[in-house]
Amino acid sequence: QVQVAESGGGLVHPGGSMTLSCSASGSMSRGDYGAWYRQAPGKQRELVADLNGNGFTNYAGNVKGRFTISTDNAKTTVYLRMNSLEPEDTAVYYCYVIIRGSQAWGQGTQVTVSS
(Lines give C-alpha, C1' and ligand atoms only; values in the text may rest on other atoms or scores of the structure.)
Protein backbone atom coordinates (compact mmCIF):
# COMPACT_ATOMS: atom_id res chain seq x y z
CA GLN A 1 0.00 0.00 0.00
CA VAL A 2 1.63 3.23 -1.16
CA GLN A 3 1.61 6.20 1.20
CA VAL A 4 2.29 9.87 0.53
CA ALA A 5 3.18 12.87 2.64
CA GLU A 6 2.80 16.46 1.48
CA SER A 7 4.86 19.46 2.50
CA GLY A 8 4.87 23.11 1.57
CA GLY A 9 1.93 25.42 1.53
CA GLY A 10 1.18 28.50 3.59
CA LEU A 11 0.59 32.17 2.92
CA VAL A 12 2.04 33.96 -0.09
CA HIS A 13 1.47 37.38 -1.63
CA PRO A 14 -0.07 37.73 -5.08
CA GLY A 15 2.62 37.34 -7.71
CA GLY A 16 4.70 35.19 -5.40
CA SER A 17 5.92 31.61 -5.78
CA MET A 18 5.67 28.43 -3.79
CA THR A 19 6.65 24.78 -4.19
CA LEU A 20 4.62 21.85 -2.87
CA SER A 21 6.20 18.42 -2.37
CA CYS A 22 4.60 14.99 -2.28
CA SER A 23 6.86 12.20 -1.02
CA ALA A 24 5.73 8.69 -1.85
CA SER A 25 6.72 5.43 -0.17
CA GLY A 26 7.62 3.99 -3.59
CA SER A 27 9.16 5.22 -6.82
CA MET A 28 7.23 5.87 -9.99
CA SER A 29 7.93 3.89 -13.10
CA ARG A 30 6.32 3.44 -16.50
CA GLY A 31 2.60 3.00 -16.05
CA ASP A 32 2.48 4.93 -12.77
CA TYR A 33 0.84 8.30 -12.23
CA GLY A 34 1.16 11.41 -10.12
CA ALA A 35 -1.08 14.46 -9.85
CA TRP A 36 -1.97 17.56 -7.87
CA TYR A 37 -5.57 18.53 -7.23
CA ARG A 38 -7.02 21.48 -5.36
CA GLN A 39 -10.28 22.36 -3.69
CA ALA A 40 -11.34 25.91 -2.94
CA PRO A 41 -14.10 26.68 -0.41
CA GLY A 42 -17.50 25.91 -1.85
CA LYS A 43 -16.06 24.36 -5.01
CA GLN A 44 -15.41 20.86 -6.26
CA ARG A 45 -11.96 19.33 -6.22
CA GLU A 46 -10.25 19.98 -9.55
CA LEU A 47 -7.20 18.61 -11.32
CA VAL A 48 -4.33 21.09 -11.40
CA ALA A 49 -1.60 19.08 -13.12
CA ASP A 50 -0.56 15.49 -13.64
CA LEU A 51 2.23 13.40 -15.07
CA ASN A 52 2.80 9.78 -15.93
CA GLY A 53 5.76 7.51 -15.39
CA ASN A 54 7.15 8.48 -18.80
CA GLY A 55 7.26 12.12 -17.76
CA PHE A 56 4.40 13.38 -19.91
CA THR A 57 2.62 16.27 -18.21
CA ASN A 58 -0.80 17.88 -18.40
CA TYR A 59 -2.09 21.14 -16.90
CA ALA A 60 -5.41 22.80 -16.24
CA GLY A 61 -5.93 25.79 -18.47
CA ASN A 62 -5.96 28.29 -15.63
CA VAL A 63 -2.48 27.28 -14.39
CA LYS A 64 -0.72 26.49 -17.66
CA GLY A 65 2.41 28.57 -18.00
CA ARG A 66 2.47 29.36 -14.26
CA PHE A 67 2.68 25.94 -12.60
CA THR A 68 5.13 23.11 -13.23
CA ILE A 69 4.76 19.49 -12.10
CA SER A 70 7.88 17.37 -11.89
CA THR A 71 9.58 14.53 -10.04
CA ASP A 72 12.99 14.09 -8.47
CA ASN A 73 15.55 11.79 -10.10
CA ALA A 74 14.51 8.89 -7.90
CA LYS A 75 10.88 9.50 -8.86
CA THR A 76 9.76 9.24 -5.26
CA THR A 77 8.70 12.87 -4.91
CA VAL A 78 6.23 14.81 -7.03
CA TYR A 79 6.66 18.57 -6.96
CA LEU A 80 4.33 21.39 -7.92
CA ARG A 81 6.13 24.64 -8.55
CA MET A 82 3.68 27.54 -8.56
CA ASN A 83 4.68 30.94 -9.94
CA SER A 84 2.73 34.17 -10.41
CA LEU A 85 0.24 33.08 -7.80
CA GLU A 86 -3.17 34.74 -7.79
CA PRO A 87 -5.83 34.98 -5.06
CA GLU A 88 -7.89 32.57 -7.16
CA ASP A 89 -5.23 29.92 -6.53
CA THR A 90 -6.17 29.85 -2.84
CA ALA A 91 -7.25 26.31 -2.01
CA VAL A 92 -6.33 23.10 -0.24
CA TYR A 93 -3.92 21.23 -2.52
CA TYR A 94 -3.85 17.43 -2.58
CA CYS A 95 -1.39 15.09 -4.21
CA TYR A 96 -2.54 11.80 -5.66
CA VAL A 97 -0.37 8.94 -6.89
CA ILE A 98 -0.83 5.50 -8.37
CA ILE A 99 2.27 3.32 -7.98
CA ARG A 100 2.19 -0.30 -9.10
CA GLY A 101 -1.59 -0.33 -8.86
CA SER A 102 -1.76 1.14 -5.37
CA GLN A 103 -3.29 4.61 -5.07
CA ALA A 104 -3.07 7.19 -2.33
CA TRP A 105 -4.18 10.74 -1.57
CA GLY A 106 -2.22 13.21 0.50
CA GLN A 107 -3.76 14.83 3.55
CA GLY A 108 -3.99 18.20 1.85
CA THR A 109 -2.03 21.40 2.38
CA GLN A 110 -3.49 24.89 2.50
CA VAL A 111 -2.22 27.51 0.05
CA THR A 112 -3.46 31.05 0.67
CA VAL A 113 -2.66 33.84 -1.76
CA SER A 114 -3.41 37.17 -0.17
CA SER A 115 -1.90 40.59 0.37
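The values are calculated or read from the model by the stated rules, or taken from the named source; none is laboratory data. None of the values given here were measured: they were computed from a predicted structure. Cβ sites come from the backbone with ideal geometry, for glycine too, and all protein chains shown count toward neighbours. Heavy atoms of the whole protein, side chains included, go into the accessibility calculation; ligands, DNA and RNA do not. Shrake-Rupley method; radii C 1.70, N 1.55, O 1.52, S 1.80 Å.
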When the convex hull of the Cα atoms of the stretch 74-114 is projected onto a plane and the area is averaged over all directions, what value comes out in nm²? 3.7
Could you tell me the accessible area of Ser23 in Å² (1.4 Å probe, neighbours in place), rounded to the nearest ten? 50
Once both labels are modelled 7 Å past Cα along the beta-carbon direction, what's the Ala74-Asn54 spacing in nm? 2.7
Go through Ser115, Ser25, Ser102 and list them by solvent-accessible area, largest first, probe radius 1.4 Å. Ser115, Ser25, Ser102
For the stretch 55-91, run through the chymotrypsin sites (Phe, Trp or Tyr not before Pro) and keep only the ones in DSSP coil with at most 14 other Cβ atoms within 10 Å of their Cβ. Phe56
Mean 1/r over all different Cα pairs, inverted: what Kirkwood radius does the stretch 9-60 give, in Å? 13.1
Sticking with the crude label model, points 7 Å out along Cα→Cβ, report the distance from Gln103 to Ser25 in nm, one decimal please. 1.8
In whole Å, largest first, what are the principal axis extents of the Cα atoms in the chain? 41, 25, 22
Candidates per trypsin sites (Lys or Arg not before Pro) in the stretch 57-115, loop by DSSP, up to 14 other Cβ within 10 Å: Lys64, Arg100
